[in-house]
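Accompanying notes for the structure given below.
The values are calculated or read from the model by the stated rules, or taken from the named source; none is laboratory data. Since this is a predicted model, take the numbers as computed values, not measurements. Here the Cβ positions follow ideal geometry from the backbone for every residue, glycine too, while neighbour counts run over all protein chains shown. These accessible areas exclude ligands, DNA and RNA; they are computed on the full protein's heavy atoms, side chains included. Shrake-Rupley method; radii C 1.70, N 1.55, O 1.52, S 1.80 Å.
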Amino acid sequence: QESKDFLEELNIEFDKSDAVFYPGERIMGKIVITAKKGSILSTNNVQLTLSGSGRILRNTKARKDDIIYLRKEITLIDKNTSFAETVSFVNFEERLPANLATSIECKHARVLYTARASLHYHNGKSLTRAIAVHGFSVVERTDLNACSKSHFDAVPISAHRKFGICSCVG
């Protein structure tokens with residue numbers, strides 16, 4: 001039997017289109033498996049890995065030591081399954097830990113989060129693996145009720161500008 005690639009595309013879609021989540025929030029979405037027209041895709045393993053890490057850059061040297069904030073491996077399918085439809089979906093849902101660091105990327109540091117889907121499928125002769133990666137952001141909830149009332153007070157600004165012999169105060 002000759003080797004054929006039955007997979008057209010593998011993708012990850014989150015239920016939230018902006019892919020921004022809060023620590024402790026439930027992250028939901030689906031893995032989109034697009035098979036080539038007229039073929040049946042057979043798999044025995046679909047996994048999702050949620051990961052997040054940070055790196056601090058000190059002086060001009062990049063430190064290779066990543067700080068791991070998140071590492072969850074979720075097996076979505078672990079038995080022989082066939083997808084006869086051109087487009088098939090594998091749903092996922094997982095609660096993020098409540099103590100995650102906020103996503104950031106700047107000159108001196110970075111904290112990044114990714115979802116990685118892994119599909120092992122038969123291509124006629126052997127088992128092949130396809131991978132899709134999708135980034136997402138984690139941001140801290142802002143509770144405006146926790147701010148003091150003075151935080152919302154208008155700040156008076158007084159400026160004095162001179163233009164030649166004229167001046168303005170405001």
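If only residues of segment 85-120 that are among the small types (Gly, Ala, Ser) and surrounded by 11 or more Cβ atoms within 10 Å (Cβ to Cβ) are counted, the one that is nearest to Leu50 (Cα to Cα) is Ala115.
Per-residue answers, yes or no, for (1) closer than 27 Å to Arg129 by Cβ; (2) within 22 Å of the chain's Cα centre (by Cα):
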residue: Phe6; (1), (2): yes, no
residue: Ile33; (1), (2): yes, yes
residue: Lys37; (1), (2): yes, no
residue: Cys106; (1), (2): no, yes
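Scanning segment 1-26 for residues that are under 20 Å from Arg141 (Cα atoms), assigned to a strand (DSSP E or B) and open to solvent by 30 Å² or more (accessible area, probe 1.4 Å) gives Val20, Arg26. For segment 89-109, the criterion of being within 24 Å of Glu140 (Cβ to Cβ) and in contact with a His (Cβ under 8 Å, 6 or more places away or on another chain) is met by none of the residues.
If you go through segment 121-136 one residue at a time, how many are exposed (fewer than 15 other Cβ atoms within 10 Å of the Cβ) and either of a type in the set (Asp, Glu) or on the phi < 0 side of the Ramachandran plot (or both)? Give the steps one after another, and end with the answer.
Residues of segment 121-136 exposed (fewer than 15 other Cβ atoms within 10 Å of the Cβ): 124-127, 129, 131, 133, 135.
Then drop every residue that is not either of a type in the set (Asp, Glu) or on the phi < 0 side of the Ramachandran plot (or both), which leaves 125-127, 129, 131, 133, 135.
Count: 7.
Sort out which residues of segment 93-118 are within 30 Å of Ser39 (Cβ to Cβ) and touching a Lys or Arg at 6+ places or on another chain (Cβ under 7 Å), and write them in order of number.
Step one: list which residues in segment 93-118 are within 30 Å of Ser39 (Cβ to Cβ), which gives 93, 114-118.
If the condition is that a residue be within 30 Å of Ser39 (Cβ to Cβ) and touching a Lys or Arg at 6+ places or on another chain (Cβ under 7 Å), then Glu93, Ser118 are the ones that fit.
The criterion of at least 2 residues that are in contact (Cβ under 8 Å) with a residue 60 or more places away in the chain is met, among strands (runs of 3 or more DSSP E) falling completely within segment 27-124, by 41-58, 87-95, 109-122.
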